[in-house]
Amino acid sequence: MKEPQHLALHPFGQIPTYEEGDLALFETGSIVFHIAERHAGLLPPPADGDANARARAITWMFAALNTVEPPILELATARIFEGDKPWSKERLPLVEDRVRNRLVQLSRRLGDADWLDGAFSAGDLMMVSVLLRLKSSGILDEYPNLCAYVARGEARPAYKRAFEAQLAVNKPPAG
Ligand SMILES: N[C@@H](CCC(=O)N[C@@H](CS)C(=O)NCC(=O)O)C(=O)O
């Protein structure tokens, strides 16, 4: 990923990247937004009476990436890369509490609704994928409505198709 060919697509040498004709994009949020703008079912259509619904769905995309994901990424870093540091035991509970703080707020807002704002949108898609990163930590289990929300996201046929396609690419070669 740090070779010139990939760096031409992604200046930070990361994944994902997305190519469509002569367009090359990087950043998950930008890629999802690009697709959502061009295919039905991911954002409320602008001419659909409630133009604000589209703006709110986009807001949830930003909230997932800018407000909910940062403490979750910090937790992953603290657990995976800093777990052996002498100060790790003291710091970890602080990082976990920052994650819990966001989850409490998100859980309260979701309540017993299926999705964050009416029908499923790219905002839910982003939020579910961000929350999925927490699965191995066990923290998500403290919020039953968020667990059910993530399970609904994973149960969508489109999610299953995408996940299986990804697994097929990542599967180690036979033998
Ligand atoms: N904000 C970026 C983050 C991308 C990112 O962190 N990608 C990781 C994999 S999930 C990566 O490529 N890590 C390798 C590296 O940073 O060298 C996005 O959402 O696209």
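The values are calculated or read from the model by the stated rules, or taken from the named source; none is laboratory data. Given the structure is predicted, the values throughout are model-derived calculations rather than measurements. Backbone-built Cβ (ideal geometry, glycine too); neighbour counts: all protein chains shown. Accessible surface is based on the protein model in full, side chains and every heavy atom, while ligands, DNA and RNA are left aside. Shrake-Rupley method; radii C 1.70, N 1.55, O 1.52, S 1.80 Å.
For region 49-68, does any single residue satisfy the condition of being out of contact with any helix residue (DSSP H, G or I) (no Cβ under 9 Å at 6 or more places or on another chain) and in contact (Cβ under 8 Å) with a residue 40 or more places away in the chain? Yes, that holds for at least one residue. Annotation note: Cβ proximity below 7 Å between a residue of region 1-14 that is open to solvent by less than 90 Å² (accessible area, probe 1.4 Å) and a residue that is in a helix (DSSP H, G or I) (sequence gap 6+ or interchain) occurs for 13/6; 13/7.
Residue-by-condition table, conditions (1) among the β-branched types (Val, Ile, Thr); (2) in the same structural domain as residue 125 (by TED's automatic domain parsing):
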| residue | (1), (2) |
| --- | --- |
| 45 | no, no |
| 56 | no, yes |
| 65 | no, yes |
| 68 | yes, yes |
| 71 | no, yes |
| 75 | no, yes |
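Being touching a residue at least 12 places away in the same chain (Cβ under 8 Å), within 26 Å of residue 34 (Cα to Cα), in the same structural domain as residue 73 (by TED's automatic domain parsing) and open to solvent by 40 Å² or more (accessible area, probe 1.4 Å) is a property that does not hold for residue 124. Residues in region 83-97 that are assigned to a helix (DSSP H, G or I) and either loosely packed, with under 14 Cβ neighbours inside 10 Å or touching a Lys or Arg at 6+ places or on another chain (Cβ under 6 Å) (or both): 89, 90, 91, 93, 94, 97.
Looking at residue 80, is it modelled with pLDDT under 95, among the β-branched types (Val, Ile, Thr) and open to solvent by 40 Å² or more (accessible area, probe 1.4 Å)? It is true that residue 80 is modelled with pLDDT under 95, among the β-branched types (Val, Ile, Thr) and open to solvent by 40 Å² or more (accessible area, probe 1.4 Å).
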